[in-house]
Every structure is written in C-alpha cells, then in structure tokens.
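Just below is one structure, and these are the notes that go with it.
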Number of protein chains: 2
Amino acid sequence: MAAPTKPEYKVIGTRPVRPDGIDKVTGRAQYGADIRQARMIYGKVLRSPHAHANIKRIDTSKAEALEGVKAVVTGADLPQSGDRRSDKSLNVLAADKALYRGHAIAAVAATNPYIADEALKLIEVEYEVLPPVLDVREAMRPDAPVVLDWVRTTSMAGTGEEPTNVAAKGGFNFGDADKGFEECDEIVEGEFKTKMVHQGYIEPQACTAMWNPDGQLTVWTSTQGSFPVRNDTSEILDIPISKVKVVPTEIGGGFGGKIPVYIEPTAALLSKKSGRPVALRLDRTNVFEGTGPTSGTSIKAKIGATKDGKLVAAYADMAYEAGCFPGSSVTLGAMAMFAPYDIEHVKIDTYDVVVNKPHVQDYRAPGAPAAGFAIEQLVDELAEKLHIDPLKLKQMNSSHEGTRGPGGMPFSRIGQEECVEAAMNSEHYKSPLEGPNRGRGVASGFWFNVGLRSSVNISVQPDGTVNLVEGNTDIGGTRASLAMQLAETLGIAYEDVKPMVVDTDAVGYNDVTAGSRTTYATGMAVNKAGLNLIEKMKGLLAAKWSAEPDAVEFASGTFSSGENSASFREAAGIVAGPADATLNATGEVSAGVLVGGGFSTHIVDVEVDPDTGKTQILRYTVVQDAGTAIHPSYVEGQMQGGAVQGIGWALNEEYYYDEEGKMANASFLDYRLPTTLDLPMIETVIVEVPNPTHPFGVRGVGEVSIVPPLGAIANAVYRATGVRQFELPMSPRRVLETTHDLG
Amino acid sequence: MAAPTKPEYKVIGTRPVRPDGIDKVTGRAQYGADIRQARMIYGKVLRSPHAHANIKRIDTSKAEALEGVKAVVTGADLPQSGDRRSDKSLNVLAADKALYRGHAIAAVAATNPYIADEALKLIEVEYEVLPPVLDVREAMRPDAPVVLDWVRTTSMAGTGEEPTNVAAKGGFNFGDADKGFEECDEIVEGEFKTKMVHQGYIEPQACTAMWNPDGQLTVWTSTQGSFPVRNDTSEILDIPISKVKVVPTEIGGGFGGKIPVYIEPTAALLSKKSGRPVALRLDRTNVFEGTGPTSGTSIKAKIGATKDGKLVAAYADMAYEAGCFPGSSVTLGAMAMFAPYDIEHVKIDTYDVVVNKPHVQDYRAPGAPAAGFAIEQLVDELAEKLHIDPLKLKQMNSSHEGTRGPGGMPFSRIGQEECVEAAMNSEHYKSPLEGPNRGRGVASGFWFNVGLRSSVNISVQPDGTVNLVEGNTDIGGTRASLAMQLAETLGIAYEDVKPMVVDTDAVGYNDVTAGSRTTYATGMAVNKAGLNLIEKMKGLLAAKWSAEPDAVEFASGTFSSGENSASFREAAGIVAGPADATLNATGEVSAGVLVGGGFSTHIVDVEVDPDTGKTQILRYTVVQDAGTAIHPSYVEGQMQGGAVQGIGWALNEEYYYDEEGKMANASFLDYRLPTTLDLPMIETVIVEVPNPTHPFGVRGVGEVSIVPPLGAIANAVYRATGVRQFELPMSPRRVLETTHDLG
C-alpha cells in the first residue's frame, strides 16, 4: 500500500533552531536544582536500609535538637483518610513498614546540606527485619512472604480472599488460541526474563517548595507533568489543587520516571514546618534506590504459523514486577506484544506482582520492550525454521488498516508495512554482513499514541508575531514542534511564533508529557487555537472591509474578500492595531488514548567476542513511521535515543540485587549506560504515513524506538553465536555462560 | 437626582484579603531590586552635573581598563534612524547635549557596584556649559536660551519657523467667553504658580536585563506597564518586540512615574556588551534628578457669575513646563480644569514649554491638580463675594449628565452633584469649626477614566476554581478587584478565583496600569472572559444534558435546563472532568478614553500657626464617586492616598533649584513628604453613581483624589489667615511671607 501523498507544508518538515537551545548550551536554562529562593534551606531524606521491615519506632528528637535543623518530618505528618494512607502517600514517606531498600522513612531540613546529613544520622529507627521477596515468579508462589497484607488478587472473576503478592490477573482473548495452534505447522516457544532497569535520566529529581503562611504552596520541580505533580501533591497533602502552584523547571530527561512525585510533598511539609523554602535534591544512589525503574519480567510465550508463513496463533503468560505497590505496565505490554502482527488467535494472561523493590514507574513505551524481547525472538526463530527472510515474514504478517489492534478495535491507517518495506529496501539491509562471530538481527515494535488533555493560549502581538503559551514540559523539542504547527496553521514563519511553557496557574489543564502525546495532542490544541484565531480575525476583517462576516476567506496564509487581501501579519495590523482590542484565542483537546499507533523496525549488526562474551554493535538502523515528521531532526533524535536506551537494556543494564534486597550497583560507575564510545552512529529512516486522527498527520515518535532493540540484538547475537538468549542483559558474562560450557 | 439603585452583588462590595498580601507583609514579594540572576553584574549611570551643556568629548577608555568593569556604554551605542535619535532615546542616554542636571551621559557594568562607582569617576567628559532656563514663563520669552534647537511651536495655525521653547500652543473654545464675561455681575481672577513635584514612590527604579546570544532580551523591572516597557525598549534599541520579554516585578508605587523607561535600554546594552545579566538600580537622588516629576505651572485664570450665582464664563492661560523635551500634561489639565462645572462660555489657551529640567512625566491625574489649585480658589472667592455657601455654589453649577464634558462631548451619567450633596450632608461639614487661626476649605475635582486595551485568559481548574491570567501591574489591589469581578460574573466565591500577573510573553497585550483604568477596563475584559466561558459551558452542558444548545440558562451562579441544574462548580465537574477537554476563555477590550469620569469633593480644616506659618491639617474628608466600589477598602485607600499626596504638594513639596539648575533638596530628608505624624486620619465617604459604560458600574478611583487638596487647603488657609495663596507650596516660609510684612 503506497503512503498517502503528504500535503505541501511550508514550515512542517523543516529543521529550525529550537527556542530553548541557546539557554541550554550556555548553561542559563534553569533545571530542578538551579532554583534559589531567599532564606532557602536544604532537605534530606532518611531511607530504609532494609528491603522489608516493620518500623517499630522512630525517634527524631536528637535530630530536631541539632543546631541548624529547622524541621523534621515522618510519615505521621502526612494526612490519612480511611484505613490507611494511599500507596502514593506511603511511597513518599513510609508508615509502619519499609517496603524496599531506599524507602523514605523521614526527612529533615537544615540551613545547609551537611547539617541535614548529620541530622539524618541522629534519627533513631527501630526495625523488625522481614524476609524480602525480590523476583516476580517467586513472589507469585503461595508460600512467598506477603509484601502488603491488604493486597488481594483482582481479576474478571472478582477479588480474591487471601493476602497475596499477585495484585491483578488479566489478559486478552481473541479468536480461539487452542484451535489456532492446532492449525499451525510450526510452533515455537520460550521463557524470557528481563531485569529491573532504570530510565537513567541524567538529572536526578530536584524540587523546591515554599508553603506560604496564607496556605499557598509553590513547588518548583523537574517533572514531566506539572499538573500531575499538582494533583498528586494536593491529594497526598489533602489541600485543594487551587492552593498548589507547580512551576516546571527545564528537565534533564524523564522517560516516564519523572511523572510521579517522590519529594515534592516532603519538601512541602518541611517548608510548612520551618516557614522557609526547602530545596530537596536526590543524588544518584537515591535515584536508583528511591525512584521508580521499570519492571523485571518473566514472559512465557508461544507462536505458531502455517508452513507457508502465515502467523495463526499466539499465547503469552506475562508476569511483571510492580515493585512494592500494585501497578506495573503488564497490560500495556500485553497490548503491544503482538500489535505489529495480524494474528487471528491470541491469548494472553497477565500478572501484576508486588515485590520488595521500588514501586515501578513508566519507562519509554512502558511494558513493551520486554514483550518485544520475547515475541521478536520467536518470530525470528519461526522465520529460520520456515526458511523465510525474517523481514519478509514480517511483511507477510504485518498489521495494517482494518486488522485488529491492541484491545480489539481495528487499526486505523498505520505504517507497520511501510516500515518493514523501508527496512528491506534500506542500504543497511541490502549490504552483506561478513566476517566471523558476526550476526544481523531485525525486530519490529509497536507503541501507542496517547492523546489526553491539552490546552494552550495564543495571543497576537502588535508586530504580528504570535505568543504561544503551553503547559507541557519540553523534553524532546516540543516548544519547536508546537510553534511549527502553529506557524503552519497561521501561514506565518516559525520565527514569528514565540512558544513558552508556563506554570500550572497560568494556563489551562495539561496532561503529562508522556505517551508520545505532546507534539501530537498539544499540537492538535495549537492547531485548534490557530483556527479559532483565524475565525476571530475573519469576523474583525469583515467589519473593517465592510464585508459579510462569512465573506472573508483564509488560505495559504492570506485573508481575502473581494478585492481586499492581507497576509496574517498585515491582517493583525488591521484588526489588532493600537486602536483595537488585543487578539487572543484558546485551543483545547481531549484526544482519545488509542489513536493511530507508531511502528518501528530495527536492523542491527553485532560482533560477539568469543573469548570475553562482549557484544559490539557494528551498525544500527532505525526505521520508524512518524506519521508526519514535524521537525525531522527531533524525530531522528527520538529514534536514536530510544535505540540507544534499548541497546543499554539489551547488553548491560540491570538492577543487581543481593539476597537481602540491596542493589549492588546503585551508581553510574556500576550501572553501565552505553556511552558514545560503545556505539556506532545510529542510522535513521523516517517513514511518513500520516495519522488520520491528527490535522497534520502526526504520530507520537518518542517511545516506540526502544521496543525493537532487545529482540533485534538478541536475534543478532543468535546469528553470531548460534545460541538464543532468554535473559537480559546479554552481558559478557551471560553470553559467555550461554555460549561456553563453563562448568 | 437620586443615584440609580445598585444591583444585589454577592462578591462586589465586600472586603476580602488581597492575594498578594502575605507575600508583601512577609517580605517574600519580589520587587525590582530583588531579582538575582546567575553571573549578574551591576550597572551604574554617569549623570550630567550641568543643567545645560554641550558634550564635546567622552573618553571611556580608563573606565573600560579598570579591572572588574565588563562594559561601558554611551549614547553613541544607541541606534539612530533619521536625523537624530528620538526624545525617548535621548533621555535614556544623552547625545551631544546635556539637557538637565542628572541627564544620563554614560553607564558602566562591573562585577560589583563599588567598582562600577569607581569606573564612573574614570569617565572623562568635556562639557561646554550653557545658560539654563528653569522657569516656564521665562522660557517662553523670545530671548530665553533655547533648550532644543529643533523645537518649533505647533498649533492649529501650523508649525512655527523659529527655534523656541514653546513646543505647542493649544486650547479650547466653547461658547463666547468675551460675551460671557459681559453677562457677569462678578468676575474674579488670579495668577497661580506651582512648582515641579515628584511622585515620591517609595521604590526607586530598578531593573535587570539579560540579552541572550540568540537575540532574546529579557527585562525584569518595576513598572506600571510591562507592555509599554517592551514597546519603548524595542523602539529605542531598534529590535522587534517579539525579541523582548518584560517580566514585571511587584511595584513599590508609581503614580505615573513608572510608565517610561529610564534604565531598561541601558541595562540591555550593558548586557549585550558584557554577555552577562545586568542589574541597574537608582538611588533616591538619581530618582529626583533623573526621572520625570510633574510640571511646574503658571496659570492665569478668570471666572465670572451672575449675582444669583450662575457661573457664566471662564478663561485660563495655562503654561506647563515639559522639562527637557516637549510633552507636558497641559491639555489634560485644561480639559479637567472646569469639568466639575456647567459653564456656557469657556476659553482656554495652553502652552507646552521646554525647560532645562528632567522631562516631566505623569503624576496621578496629570495636569489637573495645578488647574484645581487655580479654579477652586476662584470659585471660593466668588462664593464669598456672592455670599453663597461654597458647596451650595458648586451644587448650583454642577456638571451632570448631558452638560458639556471635557473636550466638548456631553457627559454621560456622572456623580459630581451627588458628591457635593454628600459633602454638604457630611458630619464633617455640619460640624462647626471653632478657634482662632483656623479655617475650613472645600474643593471639587475631576479626572478621566481611561479605557484602552486589556486582555485576560481564564481557565477552569479540575476542582472548579478558576485561574485568571492578566498582564497589568497590581498597584492598588487589582488582583483582588479583578478576581472579584470574575467571581461575580461566574457566581462563585472570591476565594475560587486565583489571579496572577504574568510577563509580556504569557498573555495578550495590555496597556499600562494608569489613568484609573485597570479595575475599570481590565475588569471589563474579565467580565467578557467570564461571559465567554459561561457560553462555552452552556453549549457543553447542553450536550451532556441532551438539551438544545440554547436551552441552557445561567443565572445567579446556576446553569439550568428543564429539570437539570448545576452550580458553576458542579457544571465544571460535568463538562471539564478528567475525560473532557480543559476549559479556557479569553476576554479582550479596547475601551474608549473618555468613559464616564470620576468626581471628588474634599473638605479640610486647618490651623495656621501665626508665628511660624506652619499649617496643621486638623480634619480632612474625601467624598468621591466610585461608580461601584468593587473593594471598598481599596477605594478608600486610593481616596486617602491621593489626598495625602495632595496635602504634601500643597504644603511642603517642591523641586528647589539653584540658579544653575541644581536641585538643592534631592533626598527624602530635604524633599519633605507628609508622614503619618503630619496627618489626621483621612475620612472617606464613597458615593456610588454606577458608570453606565461598565458592566458593574465601575469608575476609575485612583487619581481624582489628588485634584481637590491644593485648592481646598488654599481656601482653608485663606479662611484661617485672610490671605489668598497664589503659589505652592504653602510652606511655613511662604505663609509667613504672605501673611506678615517681613520687610
């Protein structure tokens, strides 16, 4: 199917400089820890040294007595409604149980950070240490220690009666999988395991809170969503949201990990007690131990095909660690797992499992990479058994418009086929890979395009430029991508739009920058605001031109009616001159959640050192459907960034726990992110199959690129070594263990 | 005429706490000098020691060589288009002529303020000193030194040919004044003089500028109008307004004096040269010598009446000092002068005159107090001669709806009659004043209600509260008075509206906070935004309630349609819940300039010490028409504040110049503002004659209260001493000189 012809855009598709660029490269941009307030003091958090322990007693009196200490808080300072505090609240400061090593137990604020550190040592906590449960499948066993005594299994069948770590049992059932497998000529299966990994954002969490005596709380923080921080802070502290203002700083990465609140309510409480602004900043070990990484997983999967290569049936049993509270991404992983393929019979069982580790949090395409690690290896194995080129097999079985999408609804126009085709036609795939210990792998992946709520204000300035006020954290260049969409809508230059991200008081509600939604959904709001503005200007021009209100037309950046015509800037001068009212417009959207997904296919060449087990990435290509690439450089950046994170996850990254539940590698020295020295330049091929639900055809591009690397690299390692990899990371040690008989 | 019945309001007319109150009383509010930026350096300005001098040479090389100096600028660094830089630009940094003592000549920025001070001393300036001209009538003489060689007299007759200090000749002519005076039985006249006085705002000008390498200029400044600062800065620096963001800080008073830019372009240039943020802050002497006070004036006036007390004819010859560039408030003074009275025949000649003093700037009801000093004494004298109570005479001749207003158009519904009547009925006026050396004076005054452009955004928060984003500096409590109008419009509590003042990028264009316009015109924009929001909500509710779009009604804070009804908060929950788009609305107005003026009548009792000449205010009452008093406490505050400034002007304040044009009293020790020890509690009587041009009947209340005090106190001093006062200030020395034969 040929991709629809793309309209002629003037601004969209160009690569202008980002408005926040200079501030970021010159160090002037303000990140979370750059906030300074008069009389500001410094908060520090005391964390549990045990992965599982009852807290018998906390004595803060010695800490309070230390000179320079202005406030000490514990979980008892947080309000409670009902039987117990909410999970969110318990995660911010523990109640009577420490649920993971690193769980926040108490916090102090002092006139300098060193005094605060000293004060932490003076807090006496009496623990009753309990045996921890650290692995998802172990936690599912009936004899496992129970992490939370109030958890019961919820499922379609109802709610269980016994305390358990299996918080939810769910899944999907399309067609008849048993019958489907009977029709298959080839069936492959395996059990795949991934470890907990962290988003690895460069900037640790950092916030400053000021609780004013009039009850107004201001929080400056590095977050993906100032409005969600407002909501959570208000809920945890039991104060109205109108009393909370969240000022988003620039953000040094988030990838899903900077959605929840970890420190904001604590800083607020410390400020309330001390009457001073309180800065609370995590260090890297705090980040690893005290914030939310993504789940460790265990997936048993099976797929089958006819001998001519038609995928017929698939089954998966997916168990995801939720960390210390229910709520992993297992359902999203299940929805994404088979999405690239048109398979008639699918059955998936999912398990959301509580363990004594930090509560998991979203990480770029949450839930999907682990699923991809499983399914993409099985599809590869099937291709090998059927003697079909692995991309050819994907092409034969690609999802497309009308086939069943995640959750059961048919897909609208999507680009999986186009991506596979572009991969097959790529210079990379056509180039032979030669040499010993080398292998090439391919994999596809799917991720959603979340919509949700966005809201912007625009105003015409007296020189005809337009200010764009929005509320979404700019992580990947959305100031630029939104300004470009407004410029395109109004028929003006990119440079004539001035975008800015403001605080929660100064713009309408905006959902989080996550789910690949900002350029997509806020872009729709921007377009709507632009169209509203044009309508307003048509009416005003009609009055100035003595025309009928509907006689003024707007096309290609020009208003016209009869003999009159005016560019946007000229029109602004006519209707928003010094004698006229100023011109504003708003745009709001509440977009659906399943709105035309994004697909990506990756090709990777590796060389595995047979002596050390080290896998070197030789070449890597990302092919991805961007719908319409608003700013191609930023799309490419997302494609490359996701691939790199996937490479790290595939080869090096893991939470390495000892038996007592202590993470042994809680620093960037020991938790090994890939660096530029480990990587080739990641090649990119942008495919553009416009998203029919968006006025400019945009698809979210921020996440899907992390889905294929795990499977693609595993497939490449298999080709290089002849051994399938069922566990991540494929570290030198694991590759050696699986390719050599080391006994 | 009875005042119209006021509607039943729920929020308007109450006295809630201001949203910015706690921050201001706890010292947390950020004023101009509170801004701190990373790597910020400090600017200082070199000022002319001469009132009039050619600048032959400026050598900045030694200053530039001083360690710690990062930038030095002079007028040569400002762009020029055409023959010469604009007056605005020349006032910021002089070109080849210093036009007043204190005129900015050069500026430096250094790593600390002390080095900057040292550097100023190293700048060598060679002056050719010229004779200055310092008095308005002297400057009008043909042989006077010419301040600006390009000034020609403009008038209805065209533009003059000869260089002159009389920049403009204008006036008004209604009826036939010559014929009118012939009909009079009593004619009184006099020549009145006032000195230049300063607004005396407590906070000196202070700004910080950062010129980013990408061309974006950010200016934090204490100003009455962030948008006018943006306009002027952009114009003077010849950069697009879209490259300038002005962030308004809190403001410690302005009264008209913080409208123009004095230091912002200089700080910007210093930042551009140094690559650093530059803080530039004036001290009090800089403020007196280098910013714009109000004109010294000379007014020759004459009025006549029939013997039964009908005012028939009036004449005035008004000459106002413009300072070193054309542009005094003489025309506004002329329009305001006779406005309280219905007089058939009026002729006014006006002169705008350049002198070697700082360029004058607006000061609360600019131009009107000096005019009031003249006319109110003449009306008082007439009352005495006709044996009519002075308030009775005012009542007999009051302007009212339909009589001629300033500029010739008839007044709409106004409240001069009601104010005079309320003054007559006041406890103060009915109480006898006894004792020697005591006297009671009364006076009326008029001031405009400026409209101009305002623009606000409002957004409904998920808890049903509403954020109000506006762009007007809050000087007298406008966050509260605007929030109250929005609450009234939406039928919600004051506390449910969260108002905030944002920077020039984050809201549509807003004219300056001046001309008593903010509560009036921005209040109209707020009301409009509220009505737009209600319309939007009606449509959304109709969809939810399956009703016709126009079947939903809104009254008394409740939406209803058939059996369905919902309060605003409930309705917000129905149409702006988590599944819905966020709700925003905008409101814009461009209101007329002459829109229902404000009137005030004052009563003052004084005692004059016959030995020292010192005048003590014994009792003072301000009666004023507020239209509708949104927040009566703030209305009373404005009434009291204006009266106190008028008292200072009447009794103590003046720019005291030596012959060379040096101000001899350029500090608050020597320039004597009234303190609480000098004053009784100022009593207030709010009259409410709703303004028909405003949805809630608001009239501007910020300025008119400074108009009557000069005349009222002069009349009281006359009653106490038997001697008329023709010159201000009525200092002890002047009262002694006029009441004793000191020769």
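The values are calculated or read from the model by the stated rules, or taken from the named source; none is laboratory data. Fair warning: this is a prediction, and the values are worked out from it, not measured in the lab. All Cβ positions, glycine included, derive from the backbone under ideal geometry; neighbour counts span all protein chains shown. Note: accessible area is taken over every heavy atom of the protein model, side chains too, but ligands, DNA and RNA are not part of it. Shrake-Rupley method; radii C 1.70, N 1.55, O 1.52, S 1.80 Å.
Run the 1.4 Å probe and let me know the accessible area of A:Lys121, rounded to the nearest 10 Å².
We get 150 Å² for A:Lys121.
If packing is taken as the average count of other Cβ atoms within 10 Å, what order do B:284-296, B:64-76 fall into, highest mean first?
B:284-296, B:64-76
Find the centroid of the Cα atoms in segment A:319-391 and in segment A:695-721, then give the distance between the two in whole Å.
What the calculation gives is 13 Å, centre to centre.
Expressed in nm², what is the orientationally averaged projection area of the convex hull enclosing the Cα positions of segment A:1-135?
Over all viewing directions, segment A:1-135 projects a mean Cα-hull area of 17.1 nm².
Explain nothing, just the number: dipole magnitude of chain B about its Cα centre with +1 on each Lys and Arg Cβ and -1 on each Asp and Glu Cβ, in debye rounded to the nearest 20.
Here chain B has a charge dipole of around 1400 debye.
Residue farthest toward the positive end of the dipole of the protein assembly as shown, with Cβ of Lys/Arg at +1 and Asp/Glu at -1: which of A:Asn54, B:Pro709, B:Val512?
A:Asn54
Whole angstrom only: what separates the Cα centroid of segment A:26-44 from the Cα centroid of segment B:618-639?
Distance between centres, Cα-based: 44 Å.
Highest mean first, what order results for B:20-27, A:489-496 on Cβ atoms within 10 Å?
Packing order, densest peptide first, comes out as A:489-496, B:20-27.
Let me know the mean shielding of B:584-592 by other chains, meaning the per-residue number of their Cβ atoms within 10 Å of its Cβ.
Per-residue shielding by partner chains comes out at 5.
Let's see if you can work this out: charge +1 on each Lys and Arg Cβ, -1 on each Asp and Glu Cβ, no other charges. What is the dipole magnitude of segment B:390-530 about its Cα centre, in debye to the nearest 20?
The calculation lands at about 680 debye.
With Kirkwood's inverse mean 1/r over C-alpha pairs for Rh, give me the Rg to Rh ratio of chain A, two decimals please.
With Rg and the Kirkwood Rh in hand, the quotient comes to 0.99.
Leaving out ligands and nucleic acids, and using a 1.4 Å probe, what accessible area per residue does segment A:290-380 come to in Å²?
Solvent-accessible surface per residue comes out at 17 Å².
What accessible area per residue comes out for segment A:453-590, rounded to a whole number of Å², with a 1.4 Å probe?
Heavy-atom accessible area per residue stands at 29 Å².
Please compute, for peptide A:501-507, the average count of beta-carbon atoms on other protein chains lying within 10 Å of each residue's beta-carbon.
What the average comes to for A:501-507 is 6.
Would you work out which of B:Gly476, B:Gly158, A:Thr5 lies farthest towards the positive end of the dipole of the protein assembly as shown, given +1 charges on the beta-carbon of Lys and Arg and -1 on that of Asp and Glu, about the Cα centre?
So the residue we want is B:Gly476.
Which of rounded, prolate or oblate describes segment B:94-176 when judged by the alpha-carbon gyration tensor and an a/c cut-off of 1.5?
Judged from the Cα gyration tensor, segment B:94-176 comes out prolate (a/c at least 1.5, a/b above b/c).
Quick one: putting +1 on the C-beta of Lys and Arg, -1 on the C-beta of Asp and Glu, what dipole do you get for segment A:432-496 around its Cα centre, in Debye to the nearest 20?
Here segment A:432-496 has a charge dipole of around 480 debye.
Could you sort A:199-209, B:352-362 so that the peptide with the highest average Cβ count within 10 Å comes first and the rest follow in order?
With the highest mean Cβ count within 10 Å placed first, the list reads B:352-362, A:199-209.
Going down the list B:Lys56/B:Lys121; A:Lys300/A:Lys385; A:Lys302/A:Lys392; A:Lys245/B:Lys538; A:Lys56/A:Lys243, which pairs span over 23 Å between their C-alpha atoms?
Pairs exceeding the cut-off: A:Lys245/B:Lys538; A:Lys56/A:Lys243.
Could you calculate the FRET efficiency of A:Asp741 with A:Glu186 from 1/(1 + (r/R0)^6), where r is the beta carbon distance between them and R0 is 35 Å, rounded to 0.05?
Given R0 = 35 Å and the Cβ-Cβ separation, E is 0.75.
Per DSSP helix of 4 or more residues, -39500 (n - 2.57); summed, then divided by the residues of chain B. What does that give at 222 nm, rounded to the nearest 500?
-8000 deg cm²/dmol
Would you mind giving the three semi-axes, in whole Å and largest first, of the ellipsoid equivalent to segment A:329-378 according to its Cα gyration tensor?
That gives 22, 12, 9 Å for the three semi-axes.
How much accessible area is lost when chains B and A come together, counting both sides, with a 1.4 Å probe, in Å² rounded to the nearest 100?
About 3800 Å² of accessible surface is lost on pairing.
Cross-link partners among aspartates and glutamates for A:Lys307, C-alpha distance below 12 Å, same-chain residues fewer than 8 apart left out?
A:Glu183, A:Asp185, A:Glu186, A:Glu384
Heads up, I need the accessible area for A:Glu128: 1.4 angstrom probe, whole protein in place, Å², nearest 10.
80 Å²
How high is the relative contact order of segment A:453-590, given as a whole-number percent (alpha carbon pairs under 8 Å, six or more residues apart)?
Relative CO of segment A:453-590 lands at 36 percent.
Can you pull the percent of the protein assembly as shown's accessible area that's carbon plus sulfur, 1.4 Å probe, other chains left in place?
The value for the protein assembly as shown is 51 percent carbon and sulfur by accessible area.
For the charge dipole of segment A:453-590, defined by +1 on Lys and Arg C-beta atoms and -1 on Asp and Glu C-beta atoms about the Cα centroid, which residue among A:Gly539, A:Ser454, A:Gly573 has the Cα displaced farthest towards the positive pole?
Farthest towards the positive pole: A:Ser454.
Between B:Asp176 and A:Met156, how many nm apart are label points set 7 Å from Cα along the C-beta direction?
Distance between label points: 10.2 nm.
Would segment B:282-429 count as rounded, prolate or oblate if I go by the C-alpha gyration tensor, calling it rounded below 1.5 in a/c and otherwise prolate when a/b exceeds b/c, oblate otherwise?
Prolate, because a/c is 1.5 or more and a/b exceeds b/c.
In µm²/s, what is D for the protein assembly as shown at 4 °C and 1.567 mPa s, where D = kT/(6 pi eta Rh) by Stokes-Einstein and Rh is the Kirkwood radius from Cα pairs?
36 µm²/s
How many percent of all Cα-Cα pairs in segment B:453-590 sit more than 28 Å apart?
The share of Cα pairs beyond 28 Å in segment B:453-590 comes to 18 percent.
Using DSSP H assignments, which helices in chain A have an axial alpha-carbon span of 30 Å or above and a mean Kyte-Doolittle hydropathy of -1.0 or higher?
Going by DSSP H runs, the hits are A:523-544.
Using alpha carbon centroids, what distance separates segment B:72-104 and segment A:208-255, in Å?
Between the Cα centres of segment B:72-104 and segment A:208-255 lies a distance of 47 Å.
So which aspartates and glutamates can A:Lys498 reach, going by Cα to Cα under 12 Å and dropping same-chain residues fewer than 8 places off?
Within the straight-line cut-off, A:Lys498 pairs with A:Asp20, A:Glu470, B:Asp505.
Sorted from shortest, what are the nm distances separating the label point of B:Gly160 from equivalent points in the other copies, each placed 7 Å from Cα along Cα to C-beta?
Those separations, rounded to one decimal, come out as 9.9 nm.
For chain B, calculate the relative contact order in percent as a whole number, restricting contacts to Cα pairs under 8 Å that are 6 or more residues apart.
Worked out over chain B, it gives 15 percent.
Just check segment A:583-688 against the gyration tensor rule for me: Cα atoms, a ≥ b ≥ c as the square roots of the eigenvalues, rounded for a/c under 1.5, and otherwise prolate or oblate depending on whether a/b exceeds b/c.
The shape class here is oblate.
Go ahead and run the numbers for FRET between B:Asp609 and B:Thr676, Cβ-Cβ distance against an R0 of 22 Å, rounding to 0.05.
0.65
Give me a single rounded figure for A:525-533: the average over its residues of other chain Cβ atoms within 10 Å of their Cβ.
Mean partner shielding for this stretch: 1.
What is the antiparallel percent of DSSP beta bridges lying wholly in the protein assembly as shown, to the nearest 5?
DSSP beta bridges in the protein assembly as shown are roughly 75 percent antiparallel.
Enter the accessible area of B:Phe726 (Å², nearest 10), with the probe set to 1.4 Å and all protein chains included.
80 Å²
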